[in-house]
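What follows is a single structure, written as structure tokens, with notes after it.
The values are calculated or read from the model by the stated rules, or taken from the named source; none is laboratory data. Computed from a prediction, not measured in an experiment: that's the story for all the values here. Glycine gets a Cβ as well: all are built from the backbone with ideal geometry, and neighbour counts include every protein chain shown. For the accessible areas, the whole protein counts, side chains as well, though only heavy atoms, and no ligand, DNA or RNA atoms are used. Shrake-Rupley method; radii C 1.70, N 1.55, O 1.52, S 1.80 Å.
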Amino acid sequence: MNKLGVIGFVKSFFRNTPLVKIKTLQEFTPVGERPWLESYDDDVEKAIDIPDLTLVDFLEKAASESSDKVFINYFNRKITYSDFFNYVQKCAAGLQEQGITKGDRVALVLPNMPQFMIAYWATLSLGGLAVLVNPVLTAREVKEQIKIVDAKMVIILDRLLEPFLKECDD
């Protein structure tokens, strides 16, 4: 956990545990070390205050403020912020029923698709650690990755499940 590189005021995946508290860019970088600011348009803020919110808080806020706006457009299937947040809550409830709690690692063996994002955010919302495993790895490599990270649960693409289970039986 302490190996994470963090800029700005953020919270860890464990709700309400601050990692680094840096309120503004000025507090982080001395003035003379920000030459990129010279290229900013006049109406662009040179520093911003970063709210004291977790990633999940940001998602919840976006879902309430932009509920009907499209969050994901996946092969012309549009999912609004509100619907996405509801899917995340349902997935989180399912993970919680399966015993996932704060600090548990959940391995996600999924390609870039809505189900990946839902599982990712659901894991974060429970205080879990989403461990991203490349779905193009062999079943043996996936098994090793999951063993290394000590995942409590694996969420895997259906067509990868059979080879993975076969590898786990061996």
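Tabulated data
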read-out	value
Rounded to the nearest 10 Å², the accessible area of SER64 at probe 1.4 Å	90 Å²
Backbone HN-Hα couplings from phi across the stretch 96-103 [Karplus 6.51/-1.76/1.60, Hz, Gly and Pro as x]	5, 4, 8, x, 6, 9, 3, x
The stretch 58-143: equivalent-ellipsoid semi-axes (sqrt of 5 x gyration tensor eigenvalues, Cα, Å)	24, 18, 9
Å² of accessible area per residue within the stretch 94-170, as computed with a 1.4 Å probe and no ligands counted	58 Å²
Simple Cβ-charge dipole of the stretch 49-143, Lys/Arg +1 and Asp/Glu -1, about Cα centre, in debye nearest 20	460 debye
Fraction of accessible area attributable to carbon and sulfur, the stretch 59-170 (%, probe 1.4 Å)	50 percent
